[in-house]
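The values are calculated or read from the model by the stated rules, or taken from the named source; none is laboratory data. As the structure is a computational prediction, the values presented were derived from the model and not from experiment. Cβ placement follows ideal geometry from the backbone for every residue including glycine, while neighbour counts extend to all protein chains displayed.
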Amino acid sequence: MPAFSLDPSQTAWCAELRDLAAERLRPLADKGEPGHVNRPLVAELGRLGLLERLFTSGALDLCLMRESLAHSCTEAETALALQGLGAHPVHAHGTRAQRERWLPRVAEGSAVAAFALSEPGAGSDAAALELRAEGEAAGDGEGESPAAEPDGPARWRLTGEKCWISNAPEADFYTVFARTTPGAGARGVTAFLVPADRPGLTGTGLDMLSPHPIGSLTFDAVPVTADDVLGEPDRGFRVAMGTLNLFRPSVGAFAVGMAQAALDATLAHTAERDAFGGKLRDLQAVAHQVAEMALRTEAARLMVYAAATAYDEKAPDVPGRAAMAKLLATETAQYVVDSAVQLHGARALRHGHLLEHLYREVRAPRIYEGASEVQRGIIAKELYATMEAGQ
């Protein structure tokens, strides 16, 4: 359904992506094992050139990709998104050596990335991170050390836990956020690029409602050096928030894709299903429900596209717009999928039905990358800041 100001080439690209997802990605997704990284699927995303576009496209293109893939294959959408989420900090803040080592492998689908921010006691309150990065003097430990910074250590040891990390523990590298300055809140967090084979790094998969891989990580004095820092020491929170500002609207796009798939299925079902001497669509209560589903889906789509365009245009109100887009779209998708299940009846509850799958998928986006309550807090904070700036 055309929306916003998409030009004909963008509309055609979205249709092509939906077809690719159904014909080439869906069969690979069906062969995957729930709860584990589907490496053949990731590799196919690389062969199709979609992973490379994570680093060459803007926020609107990212949203179009995620929405289109989600409509036909949520597993492919999630695999693409997790590659982007884990690798974007390397693309945006990494050194030349970091980018040259990892980004080509991410783009071709031979290396799996992960974004490790949440902890058992620091989910929605990301500034409360407790994973410790304890400094060592330059030259401590074995091997040659990098040049020491004049005002800080060149080496650290990471100790603590991360939890609810997508692609853990099977990723090849992690963007890890750790506390380098105790008691400093958001100002004392540093982002590190940590390869999965570092000594002391272990992980365990978690059995979750969503079918994609999620796990916990344990850091037992994992060594990192200045060469592993993404951005600047004690400025890692900016890396995290910059990444989330880009990906939050596209989480909304994922949700819109699922909502559209549920709406399309409902239109087909209610047009064909016999009930009470006619078709389900002939019942006013059903027709009005379908209309409401369509209304909310389109409103969410427009807000997602607007937020992505604001990001691409470097507008000053991106945090608020991104939060609004994620909030509206994920809450809308929950409503639309739930309504679709209700209109389909018991058949939608059978394992293997599209709506049974969407019902499991749609719940998590209201929590990850900032729960709905967090998004409301961000929106309010931005509104008051704008008001005070204008006084």
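Computed quantities for the displayed model
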{"read-out": "Residue identified as surrounded by 22 or more Cβ atoms within 10 Å (Cβ to Cβ), of a type outside the set (A, V, I, L, M), farther than 23 Å from ALA307 by Cβ and touching a helix residue (DSSP H, G or I) at 6+ places or on another chain (Cβ under 7 Å) among GLU119, GLU75, GLU67", "value": "GLU75"}
{"read-out": "Number of the condition not met by ALA333 [criteria: (1) under 16 Å from THR243 (Cα atoms); (2) crowded, with 23+ Cβ neighbours inside 10 Å]", "value": "(1)"}
{"read-out": "Residue list for segment 73-90, filter: within 13 Å of LEU50 (Cα to Cα) and either β-branched (Val, Ile, Thr) or not assigned by TED's automatic domain parsing to the domain that holds LEU103 (or both)", "value": "THR78"}
{"read-out": "Test: residue in segment 218-229 that is within 14 Å of LEU131 (Cβ to Cβ) and hydroxyl-bearing (Ser, Thr, Tyr)", "value": "yes"}
{"read-out": "Answer residue from segment 303-319, given it is closer than 11 Å to ALA253 by Cα and among the hydrophobic types (A, V, I, L, M, F, W, C) and is surrounded by the fewest Cβ atoms within 10 Å (Cβ to Cβ) among those", "value": "MET303"}
{"read-out": "Candidates HIS71, HIS93 - the one that is within 21 Å of MET241 (Cβ to Cβ) and modelled with pLDDT of 95 or more", "value": "HIS93"}
{"read-out": "From ALA322, ALA329, residue being at pLDDT below 95, part of a helix (DSSP H, G or I), under 16 Å from the mean Cα position of the chain (by Cα) and not aromatic (Phe, Trp, Tyr)", "value": "ALA322"}
{"read-out": "Residue that is surrounded by the most Cβ atoms within 10 Å (Cβ to Cβ) [pool: residues in segment 361-391 that are among the basic types (Lys, Arg) and closer than 14 Å to GLU331 by Cα]", "value": "ARG366"}
{"read-out": "Residue satisfying all of: in segment 29-49; among the hydrophobic types (A, V, I, L, M, F, W, C) and within 19 Å of ALA171 (Cα to Cα); surrounded by the fewest Cβ atoms within 10 Å (Cβ to Cβ) among these", "value": "ALA43"}
{"read-out": "Meets criteria (in the same structural domain as GLU373 (by TED's automatic domain parsing) and not in a helix (DSSP H, G or I)) for LYS314", "value": "yes"}
{"read-out": "Helices (runs of 4 or more DSSP H) contained in segment 45-137 and holding at least 1 residues within 23 Å of LYS326 (Cβ to Cβ) and in contact with a His (Cβ under 6 Å, 6 or more places away or on another chain)", "value": "53-56, 74-93"}
{"read-out": "Per-region count, segment 74-107, residues out of contact with any Lys or Arg (no Cβ under 8 Å at 6 or more places or on another chain), in contact (Cβ under 8 Å) with a residue 12 or more places away in the chain and under 19 Å from ALA196 (Cα atoms)", "value": "18"}
